[in-house]
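*Asks:* Next up is a structure, given as structure tokens.
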Amino acid sequence: MASEIVHEPKYRQVYDALLRQITAGRVGPAGRLPSEAELVQQFGASRITIARALRELQLAGLVDRRAGSGTYVRQARASGRPLALGALMPDFGEVEIFGPISRGMLEAPDAQSHAIVWPGTGAAGAGREADAWAGCQQLIARRVDGVFFAPLERTPNRVAVNRRIADAFAAARVPVVLVDRSIEPFPQRGRHDLVGLDNRRAGAIVTSYLLDLECTRIAFVGEPDAASTVDARQSGYREALERRGFTATEDLVLRGDPSDSSLVATLMARQSPDAIVAATDRTAGLFMRTVMDLGYRVPSDVKIVGIDDAEYAGLLPVALTTLRQPCREIGVAAMAALVERIAAPDLPARDILLHGRLVVRAST
């Protein structure tokens, strides 16, 4: 099948970069962004490109543009209506899908009537866990009406920290909608609404695709201390194998650092996998680099698939086959779910799971 490489327009790249600065609190006095001329120099882009990125931020309700003064981050409204909705995503800078999911939240029809509040960063060097807790306290202090919360991953204390944050919001009577992943380890449910990808189905789809290519030794690779999404994807991988008459054995599952050449070499030498289901595109990219450094060829020696379709997936040394997350749609659905949860707090907890699309590239 033909390869597909997705490039975002330059104005979208500027938009996402400014969104990251805003969410991290890296703006000037009184929330003022750099001037258009300064942004032209910063991004090496045309004035038209910068103006369009700023206009998109304004249309999303994130900034105000004041003639003769500049562009300012929009502050949350203090009144009960419209709503002030907090966004706590401690892994924003490390998880590639959170940028487009946040953009989807900002572009949702419901967002035009409400303000989204992003906490600032904590003390320098405090660490992600401390930053997450500080962000939680900031949002409670600002009396937000509800919170989008993407729980921490890749930290040993993630479950305890995420539960502490959720309990603090509950004590403050702040409704929470989880974005992308659960607080509780898979398959536990928890008490909050969850909006994200149908991860178990995603794991099954990419595994079934490899089975259709007549792969018979398919390994699963996931990083340690990962979010519950990785466990759900591993479950889908196992179910797909078992439905086709294969045994999902533990020796074909690597839950470790995919950049550790010793671990990867042991897996390849002892199990001789002909294909890899990587839990995320990040994991796939790290594994690809490691296995190629060991002398294996992708895809002739081993095929690799990921899940997410991060921006760089098509730009890896061998363009990555992956399952694309509907990030914008997840953001839109999360906005609708939080507004509805605030209006009807006694609704049963819901899983709102969206389906991805397989994008076939050179790695298979």
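*Asks:* Tell me whether segment 152-168 contains one or more residues that are under 15 Å from VAL117 (Cα atoms) and either charged (D, E, K, R) or in the same structural domain as PHE98 (by TED's automatic domain parsing) (or both). Walk me through it before giving the result.
*Replies:* We begin by selecting, within segment 152-168, every residue under 15 Å from VAL117 (Cα atoms); these are none.
Scanning segment 152-168 turns up no residue that is under 15 Å from VAL117 (Cα atoms) and either charged (D, E, K, R) or in the same structural domain as PHE98 (by TED's automatic domain parsing) (or both).
*Asks:* Scan segment 195-221 for residues that are buried (at least 24 other Cβ atoms within 10 Å of the Cβ) and under 17 Å from the mean Cα position of the chain (by Cα) and jot them down.
*Replies:* VAL195, GLY196, LEU197, ASN199, ALA202, GLY203
*Asks:* Over 30 Å from ALA202 (Cβ atoms) and among the polar types (S, T, N, Q): which single residue out of SER113, SER102 fits that description? Give the derivation first.
*Replies:* Details: SER102 fails: over 30 Å from ALA202 (Cβ atoms).
Just one listed residue meets the conditions, SER113.
*Asks:* Only one of ASP251, ASP260, ASP281, ASP293 is surrounded by fewer than 18 Cβ atoms within 10 Å (Cβ to Cβ) and either without any contact (Cβ under 8 Å) to a residue 24 or more places away in the chain or closer than 28 Å to GLY190 by Cα (or both); which? Step through it out loud before you land on a result.
*Replies:* Details: ASP260 fails: either without any contact (Cβ under 8 Å) to a residue 24 or more places away in the chain or closer than 28 Å to GLY190 by Cα (or both); ASP281 fails: surrounded by fewer than 18 Cβ atoms within 10 Å (Cβ to Cβ); ASP293 fails: either without any contact (Cβ under 8 Å) to a residue 24 or more places away in the chain or closer than 28 Å to GLY190 by Cα (or both).
The unique qualifying residue is ASP251.
*Asks:* May I ask you to list the residues in segment 268-289 that are part of a helix (DSSP H, G or I) and within 28 Å of the chain's Cα centre (by Cα)?
*Replies:* First, the residues of segment 268-289 that are part of a helix (DSSP H, G or I): 268-271, 281-289.
Residues satisfying the conditions are ASP281, ARG282, THR283, ALA284, GLY285, LEU286, PHE287, MET288, ARG289.
*Asks:* If you don't mind, there's one more thing I want to ask. Taking the condition of being touching a Leu at 6+ places or on another chain (Cβ under 7 Å) and among the hydrophobic types (A, V, I, L, M, F, W, C), how many residues in segment 151-180 meet it?
*Replies:* Of the residues in that region, 3 qualify.
*Asks:* Within segment 3-19, is there a residue that is more than 23 Å from the chain's Cα centre (by Cα), closer than 30 Å to LEU323 by Cβ and either modelled with pLDDT of 80 or more or part of a loop (DSSP other than H, G, I, E, B) (or both)? Give the steps one after another, and end with the answer.
*Replies:* Restricting attention to segment 3-19, the residues satisfying the condition of being more than 23 Å from the chain's Cα centre (by Cα) are 3.
Those still in the list that are closer than 30 Å to LEU323 by Cβ too: 3.
Okay, now just the ones that are also either modelled with pLDDT of 80 or more or part of a loop (DSSP other than H, G, I, E, B) (or both), so 3.
The answer is yes; a qualifying residue exists.
*Asks:* Here is a list: ALA334, ALA349. Which entry is more than 29 Å from VAL253 (Cα to Cα), within 19 Å of the chain's Cα centre (by Cα) and touching a residue at least 12 places away in the same chain (Cβ under 8 Å)? Working first, answer last.
*Replies:* Working: ALA349 fails: within 19 Å of the chain's Cα centre (by Cα).
None of the other options fit; the residue is ALA334.
*Asks:* So is VAL264 modelled with pLDDT of 95 or more and outside any helix (DSSP H, G or I) or not? Write out each step before concluding.
*Replies:* Details: modelled with pLDDT of 95 or more: yes; outside any helix (DSSP H, G or I): no.
For VAL264, the condition - modelled with pLDDT of 95 or more and outside any helix (DSSP H, G or I) - is not met.
*Asks:* Let me ask something else. Inside segment 105-164, can you point out the residues that are free of Cβ contacts under 8 Å to residues at least 12 places away in the same chain and either closer than 26 Å to PRO185 by Cβ or in contact with a strand residue (DSSP E or B) (Cβ under 6 Å, 6 or more places away or on another chain) (or both)?
*Replies:* Those that are free of Cβ contacts under 8 Å to residues at least 12 places away in the same chain and either closer than 26 Å to PRO185 by Cβ or in contact with a strand residue (DSSP E or B) (Cβ under 6 Å, 6 or more places away or on another chain) (or both): ALA126, GLY127, ALA130, ALA160.
*Asks:* Would you mind stating whether ARG189 is closer than 25 Å to LEU85 by Cα and within 19 Å of the chain's Cα centre (by Cα)? Outline the logic, then answer.
*Replies:* On the way: closer than 25 Å to LEU85 by Cα: yes; within 19 Å of the chain's Cα centre (by Cα): no.
Judged against the criteria, ARG189 is not a match.
*Asks:* Determine, yes or no, whether ASP131 is in contact with a Ser or Thr (Cβ under 7 Å, 6 or more places away or on another chain) and not assigned by TED's automatic domain parsing to the domain that holds ARG282. Show your work before the answer.
*Replies:* Numbers: in contact with a Ser or Thr (Cβ under 7 Å, 6 or more places away or on another chain): yes; not assigned by TED's automatic domain parsing to the domain that holds ARG282: yes.
The answer is yes for ASP131.
*Asks:* Another question, then. I'm trying to understand the selection: among the residues of segment 303-346, which are out of contact with any strand residue (DSSP E or B) (no Cβ under 6 Å at 6 or more places or on another chain), more than 18 Å from ASP145 (Cα to Cα) and part of a loop (DSSP other than H, G, I, E, B)?
*Replies:* If the condition is that a residue be out of contact with any strand residue (DSSP E or B) (no Cβ under 6 Å at 6 or more places or on another chain), more than 18 Å from ASP145 (Cα to Cα) and part of a loop (DSSP other than H, G, I, E, B), then ALA310, GLU311, TYR312, LEU316, PRO317, VAL318, ALA319 are the ones that fit.
*Asks:* Among strands (runs of 3 or more DSSP E) lying entirely in segment 143-256, which contain 2 or more residues that are over 24 Å from ALA336 (Cα atoms)? Spell out the reasoning first.
*Replies:* Numbers: elements: 146-149, 176-179, 193-197, 218-222, 253-255.
Qualifying strands (runs of 3 or more DSSP E): 218-222, 253-255.
*Asks:* All but one of (1) part of a helix (DSSP H, G or I); (2) at pLDDT below 90 hold for GLN42; which doesn't?
*Replies:* Exception for GLN42: condition (2).
The values are calculated or read from the model by the stated rules, or taken from the named source; none is laboratory data. These numbers come from a predicted model, not from an experiment. Backbone-built Cβ (ideal geometry, glycine too); neighbour counts: all protein chains shown.
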